[in-house]
Amino acid sequence: PLPRDMLAEHLLRRFRELEETNAARRRETNWPDRWPKERQRLVQAYQRMLGAFPERTPLNARVTGRLERDRYAIEKLLFESQPGMRVTANVYVPHGIPRGERRPAVLVPCGHSETGKAAETYQRVCIGLASKGYVVLIYDPIGQGERQTYWNAATGRSDLGGNTTQHSYVGNQCFLLGINLAQYMVWDSIRAVDYLVSRADVDPERIGMAGNSGGGTNTAQTVPLDPRIKAAAVCCYITTLCWRRRAWSTGDAEQNLAGQLADGLDLPDYLRLMAPRPVLVGSAALDYFPLEGAKQGVEIAGELYRALGVPERVTHAVADAPHGYSPTLRRATFAWMNRWLGMPDAGDDEPDVAVESDADLQVTPDGQVAALGSEDVFTLNRRRLALPAPERRRNVRESAAALTGWESPHERPVARETEQSLFRYEGVRRIETVTVWPESDVAVPGRVFSWRAALRPGPAVVWLDAEGVDAAVERPAFRALLARQSETGCVVAVVDVRGVGETAPRDTGRANRTIMGAEAFLTYESFIAGTPLLGMRLRDAACAVDYVLGREDVDTARGALVVGWGGAGLLALHIAALDERVAAVTVVDAPESYRSLVESERYDLSVSWMAPGMVRNPDSPDGYDVEELCALIAPRAVYRLPDSGGAGRVAALFERELSAGAAGLGALHARVDV
């Protein structure tokens, strides 16, 4: 593939391999006597990906207003899914329910609409169901409607922009804690069911759930964990992860669970975990969730439903429409709920009535729970950090290796062939264009700068830069390093680890590229595959060290000085901590710690330099941080410069290390602040 497509194609290959492994496992377990054990394994893996749910606490539910309409009323509901975590909701209540009678109820989680529950398409679903006699609860998901995060009262909007950006920004902090944002969102739905079954007008044995897009995600993720939900409709979400990868339909943080494909939890497996309960899959022919994958997913689920003797309980409705809860899919949802929730004569028609304004459906006085001082995901995550973490199961080195997928030089089966395609001279300096192959389909391009007149092998420097080779060679510190090359005799290799510089993926054209761009999407997919992109880049860096230390003009006994700039500084610390051939490491303009990224509401680091579970807390007892990596590197030298100013001082550190003899290189453990 072309360099820009390399990382995406590599991940697709990994996805295909895992898809084949999972298909074989399903064939072995799709039997009535084997399925219960396999279901238990999948549920345990799924709950581990989400993280432990909090305790059930009082909902403190109260109705703040009521709208009367011809066939139904709309109650404005405020409840707490966790202490202080306020959820805004509307409850559509049919008129004419006799005293003592209980009606079926349907929970409707919103898709990614900015106005949440007030979006017309979701109002239409609720109105249609309520008009048929269902009690319907719809709530604003995190980051939507009246639950915007990073809210700026002065501007009347979130400082981050749209809800998917809000989800991923705080979702990255969740990843660091070893949980997923979906934990909060699924818990909101479970607590909404708690509220429904507490109502005197709701039959607790006839609860359904129907969601579209992001609401389809939430429905697929919630129903397997809540047996009280007896029927489900999952629209515009189900496909397969391979098909989703092909279409670049990665989605935001809560739609990507660390290790899910590696553990056998493809999107159709959510449907299998619902069995034998009835589930409708709704698809749009013109969706960005590929229809081909949806058909494959329904067939995968259908194989289990047939094995369990209930093939009629899974079905597929396809609308000739773009992504969205179209009238076709709404009518299919009505018919499905009627069939399975005891309303056979309710019909699938949709009343032609006016929808409400956003203001009329507003639950809170100011239109935002932030004005009430509500807790949010960030504040609750920060509270986790104050809780005592249980005893470690691994030491720090083992944790770093496990969380990144590190393989030592003696363990990794890699293709280390190197291409030296071009070279030229600047005076007596030789500049080579090289390519290192960490894997058969992954190329790490770079340049090597050496001194042609050197009388003996010199020390080695491997430079890793978050902005790539072209940016690195223009940095004053890099030029200062080369300026001393005639004296130090050093060989300097600067490389683009996968997804950086020459191999950076194509721009998706989306705003907030750092949060919702191609690199972030591919990082999420690396999480899904079970090896974070940081760990893949760690392999690239290690193979670059292999190459440099294998050159005839390098003094191998002295090891290598590794330089990391920006987010790549975190990569440099990892390679130094895990590979003893690194004699010293210099880190410039990198975060002080991973914990600080969770403690601060605002942070500035691409998720590609993170790995799930890095920050130690009750959900991730084996987490570790920068200071612990530095302790692993000791007594080798660690230089940490908090900003990129002072190129001369950076160069002085290089000279100090490079001028040391073989025995003295890296003998000093120091932290240098600028």
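Quick look at the values:
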read-out: Tabulated pairs, region 610-635, first within 21 Å of Ala253 (Cβ to Cβ), second in a loop (DSSP other than H, G, I, E, B) and among the basic types (Lys, Arg), C-beta under 6 angstrom, 6+ apart or interchain; value: Gly623/Arg616
read-out: Region 477-504 residues that are within 14 Å of Thr435 (Cβ to Cβ), paired with ones that are among the aromatic types (Phe, Trp, Tyr) and at pLDDT 90 or above (beta carbon under 9 Å, 6 or more apart); value: Ala493/Phe449; Ala493/Trp463; Ala493/Tyr547; Val494/Phe449; Val494/Trp463; Val494/Phe478; Val495/Trp463; Val495/Tyr547
read-out: Number of positions in region 123-162 that are over 15 Å from Asp188 (Cβ atoms) and not in a loop (DSSP other than H, G, I, E, B); value: 15
read-out: Set Phe53, Phe15: member being under 30 Å from Ala192 (Cα atoms) and either out of contact with any helix residue (DSSP H, G or I) (no Cβ under 8 Å at 6 or more places or on another chain) or surrounded by 13 or more Cβ atoms within 10 Å (Cβ to Cβ) (or both); value: Phe53
read-out: Filter result (open to solvent by 10 Å² or more (accessible area, probe 1.4 Å) and either touching a strand residue (DSSP E or B) at 6+ places or on another chain (Cβ under 7 Å) or of a type in the set (Val, Ile, Thr) (or both)) within region 616-629; value: none
read-out: Selected residue (only one of Thr29, Thr21, Thr88 is surrounded by fewer than 17 Cβ atoms within 10 Å (Cβ to Cβ) and of a type outside the set (Gly, Ala, Ser)); value: Thr21
read-out: Within region 32-42, tally of residues that are free of Cβ contacts under 8 Å to residues at least 40 places away in the same chain and open to solvent by less than 20 Å² (accessible area, probe 1.4 Å); value: 1
read-out: Meets criteria (touching a strand residue (DSSP E or B) at 6+ places or on another chain (Cβ under 8 Å) and surrounded by 15 or more Cβ atoms within 10 Å (Cβ to Cβ)) for Ala45; value: no
read-out: Any hit, region 283-293, residues being part of a helix (DSSP H, G or I) and aromatic (Phe, Trp, Tyr); value: no
read-out: Any hit, region 45-63, residues being part of a strand (DSSP E or B) and farther than 29 Å from Pro612 by Cα; value: yes
read-out: Selection status of Ala557, surrounded by fewer than 23 Cβ atoms within 10 Å (Cβ to Cβ), outside any loop (DSSP other than H, G, I, E, B) and either touching a Gly at 6+ places or on another chain (Cβ under 8 Å) or among the aliphatic types (A, V, I, L, M) (or both); value: yes
read-out: Boolean, Ala572 is among the aliphatic types (A, V, I, L, M), touching a helix residue (DSSP H, G or I) at 6+ places or on another chain (Cβ under 6 Å) and either touching a residue at least 24 places away in the same chain (Cβ under 8 Å) or part of a loop (DSSP other than H, G, I, E, B) (or both); value: no
read-out: Elements of type helices (runs of 4 or more DSSP H) contained in region 169-273, each with 1 or more residues being under 23 Å from Arg26 (Cα atoms) and without any contact (Cβ under 8 Å) to a residue 40 or more places away in the chain; value: 214-222
read-out: Identity of the residue in region 615-674, out of contact with any helix residue (DSSP H, G or I) (no Cβ under 8 Å at 6 or more places or on another chain) and among the aliphatic types (A, V, I, L, M), that ends up modelled with the highest pLDDT; value: Ala634
read-out: Residue match in region 261-281 (condition: surrounded by fewer than 21 Cβ atoms within 10 Å (Cβ to Cβ) and among the basic types (Lys, Arg)); value: yes
read-out: Pairs, first more than 20 Å from Ala568 (Cβ to Cβ) and of a type outside the set (Lys, Arg) in region 455-467, second open to solvent by less than 10 Å² (accessible area, probe 1.4 Å) and assigned to a loop (DSSP other than H, G, I, E, B), C-beta under 8 Å, six or more apart; value: Gly458/Cys490; Pro459/Cys490
read-out: Residue check for Gly162: touching a residue at least 24 places away in the same chain (Cβ under 8 Å), in contact with a helix residue (DSSP H, G or I) (Cβ under 9 Å, 6 or more places away or on another chain) and surrounded by fewer than 24 Cβ atoms within 10 Å (Cβ to Cβ); value: yes
read-out: Selection within region 584-615 - among the small types (Gly, Ala, Ser) and open to solvent by 10 Å² or more (accessible area, probe 1.4 Å); value: Ala590, Ser593, Ser596, Ser600, Ser606
read-out: Unique residue being touching a residue at least 24 places away in the same chain (Cβ under 8 Å) and among the hydrophobic types (A, V, I, L, M, F, W, C) when the list is Ala319, Ala335, Ala386; value: Ala319
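Table: residues versus (1) open to solvent by 10 Å² or more (accessible area, probe 1.4 Å); (2) of a type in the set (Asp, Glu); (3) closer than 20 Å to Gly111 by Cα; (4) at pLDDT 95 or above.
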residue: Cys174; (1), (2), (3), (4): no, no, no, yes
residue: Leu181; (1), (2), (3), (4): no, no, yes, yes
residue: Met185; (1), (2), (3), (4): yes, no, yes, yes
residue: Arg199; (1), (2), (3), (4): yes, no, no, yes
residue: Ala210; (1), (2), (3), (4): no, no, yes, yes
residue: Ala220; (1), (2), (3), (4): no, no, yes, yes
residue: Arg228; (1), (2), (3), (4): yes, no, no, yes
residue: Ala232; (1), (2), (3), (4): no, no, yes, yes
residue: Cys242; (1), (2), (3), (4): no, no, no, yes
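The values are calculated or read from the model by the stated rules, or taken from the named source; none is laboratory data. These numbers come from a predicted model, not from an experiment. Note that each Cβ is placed from the backbone with ideal geometry, even for glycine, and that neighbours are counted across all protein chains shown. These accessible areas exclude ligands, DNA and RNA; they are computed on the full protein's heavy atoms, side chains included. Shrake-Rupley method; radii C 1.70, N 1.55, O 1.52, S 1.80 Å.
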